[in-house]
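Novice: Encoded as structure tokens, here's the structure I'll be asking about.
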Amino acid sequence: MKAKQVCKRLNKAIEENKYIYGFVHSAHKRAFNIMTSEFKLISVMSCEHSMAPCSIMLERVENFISLGIEQGMRVIIFEELIDIPQASLAIDLMETAIWDPKPKFIVDRASKSELYDKIATIERCIYKFGRLEGIAPLALRVNILKLNEDFICSRPEYNKYCKFIEMKFLRLIDDLKEGRLKAAAEIAKRIMGFGPGLTPSVDDALVGILLSSVYFVNYIGEKVDEMNILSREVLKNAKDETTAMSLKMLRFAAKGETSEDIRELLMDIFSKSDNGKLLGSIERVITCGASSGTDILCGIYLGCSIMLSKYKVRDGL
């Protein structure tokens, strides 16, 4: 079994440490996660996944459950290979392509009107194609920019998660809009870890909000210190409130780092890309996980809407 790609930062850490000890934190059909003391969570993924920070992608489709990988198994990561002795499995890391997780910012920026149109397109796609088991019905009701008023009355009914956290979630959005970031982080703490999935819905939405904020600040070409405050406060609260996988994603999102598919979507939103390319990126993100992709997309939609409502975009963009 051979690896196809490895995250640049992870590859550097493996080279510097020579070997890293860990154990299988969680195992799934198309991916498994290794917990280590040095680098926290490392994901090993089958090739149909999108490359992501602190991850390794294999050359072909694999079923890790069928291969006998189970939670708790000891793992040793060498410079040349990953060894899982209890499963009699080794993954070759030689001649593996390096993938850089850093955000790719835009040169050819979309205009203000184009950006509004793209946020409206995302909203319609969540409504028509999104997986609604998580935060999506609540995110669609927020409607910060008053887009797509033609279908506002037919937006989906709340599921049990949305009903339970509605008031807290609306307070979170209101605090973000008004710049009350410490208050927003405190509310986020109270609903973090809530919702279905390995990465709970609220956490996925927060990932999307953080990512869109990083890209929006670059888009308008201004330094906005409050985004650093938001990231710091959310991460300070996240450690004891959510899963290891969610914490990993939040930490990377605070730096604008995410999976290849989500990075492509963010670039399509803020650049002069055609609508077909944007729709393709939305589709790839929506189909990620059970409801995780939709919930991250909801966070991006909400984050962009909040930033557009707060900061003036020059008409020349």
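Novice: Could you pull the Cα extents of segment 185-304 along its three principal axes, largest to smallest, in whole Å?
Specialist: Each principal axis gives a Cα extent; for segment 185-304 these are 41, 35, 19 Å.
Novice: Still on this model: Straight-line reach from LYS29: which lysines fall under 19 Å, measuring Cα to Cα and dropping same-chain residues less than 8 apart?
Specialist: Partners within reach: LYS2, LYS4.
Novice: Using a Förster radius of 25 Å, what is the FRET efficiency between ASN218 and LYS112 based on their Cβ-Cβ separation? Nearest 0.05, please.
Specialist: 0.95
Novice: Another question, then. I'd like the orientation of helix 181-191 relative to the chain: the angle between its Cα long axis and the longest Cα principal axis, in ° from 0 to 90, rounded to 10.
Specialist: With both axes taken from Cα atoms, the answer is about 60 degrees.
Novice: In addition: Spelling out what I want: for every residue of segment 286-303, take phi, set θ = phi - 60°, compute 6.51 cos²θ - 1.76 cosθ + 1.60 (Karplus), and round to whole Hz; glycine and proline get x.
Specialist: 4, 7, 6, x, 6, 10, 4, x, 5, 5, 5, 4, 4, x, 4, 4, 5, x
Novice: Roughly speaking, what is the centre-to-centre gap between segment 63-142 and segment 3-32 when only Cα atoms are used, to the nearest Å?
Specialist: What the calculation gives is 15 Å, centre to centre.
Novice: Continuing with this model, one more query. Using only the alpha-carbon atoms, how far is helix 244-253 inclined from the longest principal axis of the chain? Give it as 0 to 90 degrees, nearest 10.
Specialist: 60 degrees
Novice: Continuing with the same structure: 5 Å is the cut-off here: which amide hydrogens, built 1.01 Å from N in the peptide plane, fall below it relative to SER271, excluding neighbours closer than 5 in sequence?
Specialist: ALA110
Novice: So how much slack lies between ASP274 and LYS40, counting 0.36 nm per residue of separation and subtracting their Cα-Cα distance, in nm?
Specialist: 80.4 nm
Novice: Select from segment 5-62 those GluC sites (Glu not before Pro) which occupy a DSSP coil region and have at most 16 other Cβ atoms within 10 Å, ordered by residue number.
Specialist: Within segment 5-62, the qualifying GluC sites (Glu not before Pro) (loop, at most 16 other Cβ atoms within 10 Å) are GLU38, GLU48, GLU59.
Novice: Restricting things to Cα coordinates, could you compute the convex hull volume per residue of segment 13-166 in Å³?
Specialist: 183 Å³
Novice: If Lys and Arg each add +1 and Asp and Glu each add -1, what is the summed charge of the other residues whose beta carbon sits under 10 Å from the beta carbon of ARG60?
Specialist: -1
Novice: What residues have an amide H closer than 5 Å to that of PHE23, excluding those fewer than 5 places away on the same chain, when H is modeled at 1.01 Å from N in the peptide plane?
Specialist: MET35, VAL75
Novice: If you build a Gaussian network model of the chain, linking Cα atoms that sit under 10 Å apart, which residue out of CYS298, CYS54, CYS288 swings the most?
Specialist: Ranking CYS298, CYS54, CYS288 by mean-square fluctuation puts CYS288 first.
Novice: Expressed in nm², what is the orientationally averaged projection area of the convex hull enclosing the Cα positions of the chain?
Specialist: About 16.0 nm², averaged over all directions.
Novice: Would you kindly derive the ³J(HN,Hα) couplings of segment 90-99 from the backbone phi angles with the Karplus curve 6.51 cos²θ - 1.76 cosθ + 1.60 (θ = phi - 60°), listing them in order in whole Hz, with x for Gly and Pro?
Specialist: Result, ordered by residue: 9, 10, 6, 9, 6, 6, 8, 5, 9, 10 Hz.
Novice: Express the relative contact order of the chain as a whole percentage, based on alpha carbon pairs under 8 Å and six or more residues apart in sequence.
Specialist: Rounded, it is 20 percent for the chain.
Novice: To the nearest 20 debye, what is the magnitude of the charge dipole of segment 3-99 about its Cα centre, counting +1 on the Cβ of each Lys and Arg and -1 on the Cβ of each Asp and Glu?
Specialist: For this selection, approximately 320 debye.
Novice: Now a separate question. Quick one: if the Förster radius is 35 Å, what FRET efficiency do ALA120 and ILE65 give, using the C-beta to C-beta distance and rounding to 0.05?
Specialist: Rounded to the nearest 0.05, the efficiency is 0.30.
Novice: A further question on this structure: Hey, which of these cross-link pairs are over 26 Å Cα-Cα: LYS248/LYS272; LYS128/LYS160; LYS8/LYS310; LYS168/LYS272?
Specialist: Flagged as over cut-off: LYS248/LYS272; LYS8/LYS310; LYS168/LYS272.
Novice: Continuing with the same structure: Can you figure out the FRET efficiency of GLU48 with SER309, using R₀ = 35 Å and their beta-carbon distance, to the nearest 0.05?
Specialist: That gives a FRET efficiency of 0.40.
Novice: I've got another one for you. Of all GluC sites (Glu not before Pro) in segment 192-275, which ones are in loop regions per DSSP and have a Cβ with at most 12 other Cβ atoms within 10 Å?
Specialist: Listed in order of number, the matching sites are GLU222.
Novice: With +1 on the Cβ of every Lys and Arg and -1 on the Cβ of every Asp and Glu, and nothing else charged, how large is the dipole of segment 112-310 about its Cα centre, in debye rounded to the nearest 20?
Specialist: 340 debye
Novice: Still on this structure, I have one more. List the trypsin sites (Lys or Arg not before Pro) in segment 66-141 that DSSP assigns to loop (not H, G, I, E or B) and whose Cβ has at most 16 other Cβ atoms within 10 Å. Which are they?
Specialist: Taking segment 66-141 and a limit of 16 other Cβ atoms within 10 Å, the loop trypsin sites (Lys or Arg not before Pro) found are LYS104.
Novice: Taking H placed 1.01 Å from N in the peptide plane, check which residues at least 5 places from PHE64 or on another chain put their amide H under 5 Å from its amide H.
Specialist: Under 5 Å from the amide H of PHE64 lie the amide H atoms of ARG30, ALA31, each far enough along the sequence or on another chain.
Every read-out reported here was derived from the displayed coordinates using simple, explicitly stated rules and does not represent laboratory data. The shown structure was predicted, so the numbers you read here are calculated from the model rather than taken from an experiment. Note that each Cβ is placed from the backbone with ideal geometry, even for glycine, and that neighbours are counted across all protein chains shown.
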